[in-house]
Amino acid sequence: MNRTLVIGDIHGAFRALQQVLERAEVTQNDKLIFLGDYVDGWSESFQVIQSLIDLSEKQECIFIKGNHDVWCEDWLARGEGPGVWLSNGGKSTVDSYENYSPEDQELHLEFFQRMKSYHVDDQNRLFIHAGYSSMHGPEKEVYSSNYRWDRTLWETAVAMDKKLEKHSMLYPKRLLLYKEIFIGHTPTLYIGSTTPTNKANIWNMDTGAAFTGALSIMDIDTNEFWQSDPLPSLYPTEKGRNGDMLSK
């Protein structure tokens, strides 16, 4: 059976990516949707990007662009990155590219440039890194950076009264636009969850792989999911983004 699988924020954790693909028994018949933030954190950002490029040549993949991916793309294009990026996982990404050729880096830059801001499937399910603020949906968003930075969509879903019905006048209009919404960006660890978390019609797939959590992959039709080992156990000599100045 062909599946559609969604994958949360990877943050340079190549070993975790390998684990979840193996544990979910991914085949070339599966469609993979990645929610962004492929780099910055653990030491193998280059390897993550290269493996995703290789994977996309074998099967259908959709790559959403995250805020960390924008920073990395700018660095690959210009050869310099902002201090806020370097102190939030960027230095590990720069280090991971140290021994690779300009040709490799150009190939990766083109990969970042091809990423999508968001994706809507044929069942009206939205896949986006962070969220959107427009009541009319992401296509009407005034500030495109919200695709990669907005937390208000998730915060709204978390804070909602669970008894609120969709036909209620109080039900958030933004959430009525889609059957389901799949996001990353804000670790579920912040609300005490270590697994993919559903609030209202939003699924948050960022289970804290940049920090002390695991990387997660989920079948969007059955909600069955698989996880890597907690990241500190996969990279025992590294700190990932634990201790970063900013939370994300």
| said: Using only Cα atoms and rounding to the nearest 10 degrees, what angle (0 to 90) does helix 14-23 make with the longest principal axis of the chain? | reply: 50
| note | A 1.4 Å probe over the protein heavy atoms gives the chain a carbon and sulfur accessible-area percentage of 50
| Helix-only CD estimate at 222 nm, as mean residue ellipticity for the chain, using -39500 (n - 2.57) per DSSP H run (n ≥ 4) | -7500 deg cm²/dmol
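Assuming R0 = 25 Å, can you tell me the calculated FRET efficiency for the pair GLU80 and GLU103, based on Cβ-Cβ distance, to the nearest 0.05?
Rounded to the nearest 0.05, the efficiency is 0.80.
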| What does the accessible area per residue of the chain come to in Å², with a 1.4 Å probe and no ligands, DNA or RNA counted? | 45
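Calculated FRET efficiency, GLU110 and THR194, Cβ-Cβ r, R0 30 Å, to nearest 0.05?
Details: r = 35 Å, r/R0 = 1.17.
Here the calculated transfer efficiency is 0.30.
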| message | For region 28-122, I need the span (max minus min coordinate) of the C-alpha atoms along each principal axis, in Å, sorted largest to smallest. | response | 40, 25, 22
| Taking region 89-248 as the region of interest, what is the percent of Cα-Cα pairs per 5 angstrom bin, listed from the shortest bin to the one with the maximum distance? | 1, 8, 14, 17, 18, 17, 12, 7, 3, 1, 1, 0
| Added length on full extension, which subtracts the Cα-Cα distance from 0.36 nm per residue, GLU57 to ASN223 | 57.1 nm
| task | Can you sort VAL142, VAL120 by 1.4 Å-probe accessible area, starting with the largest? | result | VAL142, VAL120
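Set the Förster radius R0 to 45 Å, insert the Cβ-Cβ distance between LYS140 and SER233 as r into 1/(1 + (r/R0)^6), and round the FRET efficiency to 0.05.
Working: r = 43 Å, r/R0 = 0.96.
Calculated transfer efficiency: 0.55.
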| Segments 198-204, 14-20 sorted - mean Cβ within 10 Å per residue, highest first | 14-20, 198-204
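The values are calculated or read from the model by the stated rules, or taken from the named source; none is laboratory data. Just so it is clear, the model here is predicted, and its values are computed rather than measured. All Cβ positions, glycine included, derive from the backbone under ideal geometry; neighbour counts span all protein chains shown. Just the protein is used for accessible areas: all its heavy atoms, side chains included, with ligands, DNA and RNA removed. Shrake-Rupley method; radii C 1.70, N 1.55, O 1.52, S 1.80 Å.
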